[in-house]
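Each value in this text was obtained by applying a stated rule to the coordinates, not by laboratory testing. Note that the structure is a prediction, hence the values are computed from the model and not measured. Note: ideal-geometry Cβ built from the backbone for every residue, glycine included; neighbour counts use all protein chains shown.
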């Protein structure tokens with residue numbers, strides 16, 4: 001059986017045909033349906049989706065954390081890009097993807113739930129500030145890029161148009177392969193304010209490419225309580241091997257959501273507007289690997305649930321870095337192997353034929369954290385009164401490897417997750 005190729009690059013999914021594949025169809029199927037801005041998803045469906053996405057986030061994190069160095073990804077971007085792909089999966093491929101991605105809702109409820117969650121996230125930060133002095137930004141956008149003349153099933157395109165706002169943009173992969181690549185990369189760069197460049201590398205597209213699905217997320221937010229730059233000074237950061245690097249360390253003492261356990265400290269730093277936050281998980285010295293190994297969505301939820309407002313003398317590093325890696329092995333290990341198998345993959349919901357399979361999956365993400373706030377591409381405002389006897393500030397010195405995540409407070413959705421092993425590494 002002849003098979004086509006699907007390639008996910010962070011927020012990009014690429015489909016192509018083998019050299020001996022079928023010719024281009026005479027008709028182009030384009031959805032003329034607008035995005036549904038009042039999806040029928042229930043609160044329970046959204047909660048189920050968030051729970052599954054958060055579980056997938058840490059399942060994927062553990063598969064990727066075996067590599068050395070800093071790590072940063074947007075599991076939400078990956079889940080959404082793969083959800084668009086999942087709309088065209090059928091049979092055992094659909095079941096395998098659902099298991100790997102923790103999609104427990106049926107398709108007719110899953111996509112509206114994604115739509116509703118997306119629309120909620122897009123409403124965050126109204127009137128709030130970004131770290132650059134401009135307005136708060138949490139932009140989540142999707143687009144389809146299809147080969148002129150190739151026939152996609154109208155039902156597939158309708159699903160993506162109505163639930164992901166992803167309209168079909170016609171390009172010519174056959175005669176203008178490189179120009180098509182540059183067009184898509186420029187779109188991704190524009191959507192991420194130039195932080196994600198050259199997402200699709202040279203050679204990834206060819207004359208047999210037929211469809212590219214793109215998802216881009218850009219986040220830029222000021223801290224609700226910015227750090228004073230005058231309090232920042234160089235200090236040592238201890239690496240896992242016992243050595244040290246000197247990095248700029250930010251400092252402030254303030255009431256934050258805080259908790260601690262026998263092997264960790266945790267603090268939540270809200271962003272301006274109080275709707276999103278960064279949660280920093282600091283394992284006890286010498287316990288990073290053991291803490292990281294057993295971390296999952298359930299434990300993170302438990303840690304956050306235990307937090308109370310406490311005066312915290314916080315010290316943490318500035319850091320900026322980029323992550324880029326292949327997801328093919330990790331997704332296969334999570335149970336999606338069939339989707340990568342040319343002999344068994346079934347994406348007939350896209351074009352009516354079993355001629356598509358996933359060739360590879362790549363992810364690229366950027367994060368920058370400083371005194372003003374956070375910028376990321378790929379908050380808890382819980383007010384608790386003081387007890388009758390105020391406690392002295394607890395010290396939390398983030399001077400060793402730590403794990404962090406950026407989450408939406410009202411829904412609990414984890415948008416980004418990462419770790420910092422060496423803040424001096426870009």
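For this structure, a couple of remarks:
- Net length available on complete extension from residue 299 to residue 190 is 35.6 nm, with 0.36 nm assigned per residue and the Cα-Cα distance removed.
- Per-pair calculated FRET efficiency, R0 = 45 Å: residue 343 and residue 322 via Cβ, rounded to 0.05: 0.80
- The calculated FRET efficiency for the pair residue 120 and residue 225, based on their C-beta separation and a Förster distance of 22 Å, comes to about 0.35.
- Counting only DSSP beta bridges whose two residues both lie in the chain, roughly 85 percent are antiparallel.
- Sequence ranges 287-298, 55-66, 171-182, 109-120, ranked by mean other-Cβ count within 10 angstrom, highest first: 109-120, 55-66, 171-182, 287-298
- Convex hull volume per residue, computed on the Cα atoms of the chain, equals 138 Å³.
- From helices alone, the chain scores -8000 deg cm²/dmol at 222 nm; the rule is -39500 (n - 2.57) for each run of n ≥ 4 DSSP H residues, then divide by the residue total.
- For residue 37 and residue 108, the FRET efficiency from 1/(1 + (r/R0)^6), where r spans their Cβ atoms and R0 equals 25 Å, is about 0.85.
- Sorting 207-213, 227-233 by their mean Cβ neighbour count within 10 Å, with the most densely packed peptide first, gives 207-213, 227-233.
- Its residue count N fixes a reference of 2.2 N^0.38 Å for segment 177-299, and the Cα radius of gyration divided by that reference is 1.52.
- Alpha carbon centroid spacing (whole Å) that separates segment 52-68 from segment 216-277: 22 Å
- Measuring max minus min along each principal axis, the C-alpha atoms of segment 128-205 give extents of 45, 31, 14 Å (largest first).
- Rough spin-label spacing in nm, given labels placed 7 Å along Cα→Cβ, for residue 206 and residue 241: 4.0 nm
- Spin-label model distance (nm) - residue 289 vs residue 158, 7 Å beyond Cα toward Cβ: 5.5 nm
- The spread of Cα positions in segment 235-348, taken along each principal axis and listed from longest to shortest, comes to 59, 35, 30 Å.
- Hull volume in cubic angstrom per residue (convex hull over the Cα atoms of segment 245-305): 125 Å³
- Area projected by the alpha carbon convex hull of segment 28-99, averaged over all directions, nm²: 7.5 nm²
- P(r) histogram, all alpha-carbon pairs of segment 52-159 included - 10 Å bins from 0, percent: 11, 34, 33, 18, 3
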